[in-house]
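Report on the structure given below.
Read-outs throughout are calculated quantities, based only on the coordinates presented, and are distinct from any laboratory measurement. Predicted model, so just to flag it, every value in this text is computed and none were measured. So basically every Cβ, Gly included, is an ideal-geometry build from the backbone, and we count neighbours across all protein chains shown.
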Amino acid sequence: MRALKRINIKDVLFFDIETSTSVKELEIDSPLFNSWEYKKRKKGETDEELVQMYKDEAALYADFGRIVCISVGMLAKSGFKTTTFNNLDEKVLIQEFY
């Protein structure tokens, strides 16, 4: 914590990455469902419970989610400046951010 007190806030770059599931609805018995089932089935969950778990958690896993937005901000003389990168194509989004 002491190290954080020595950091000049003007030298800090803030960024936030927003993610979403790779598909809106997970279809039972699809290859994606089978992968999700392999990763998450622990205590005999039903297929419907696994689909709900996908909706709730999949965006947090790189294998099952996708980046939809990256925001970057920094403190400048005139205030806090931000830039947001968003694109439907994740590859283009990452290239634009880079």
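Annotations
- Exposed loop sites here mean trypsin sites (Lys or Arg not before Pro) with a DSSP loop assignment and at most 14 other beta-carbon atoms within 10 Å; the chain contains its longest site-free run at 44-76.
- Within a Gaussian network of the chain (alpha carbon springs, distance under 10 Å), most fluctuating of Ser71, Ser20, Ser30: Ser30
- Nearest 10 degrees, 0 to 90: helix 31-40 Cα axis against the chain principal axis: 80 degrees
- Loop-located GluC sites (Glu not before Pro) in segment 14-98, at most 16 other Cβ atoms within 10 Å (DSSP): Glu25, Glu27, Glu45
- Dividing the summed -39500 (n - 2.57) terms of all DSSP H runs of n ≥ 4 by the residue count of the chain sets its mean residue ellipticity at 222 nm at -9000 deg cm²/dmol.
- Entries in Lys5/Lys81; Lys55/Lys81; Lys42/Lys91 that, when Cα-Cα distance is taken, lie over 24 Å: Lys55/Lys81; Lys42/Lys91
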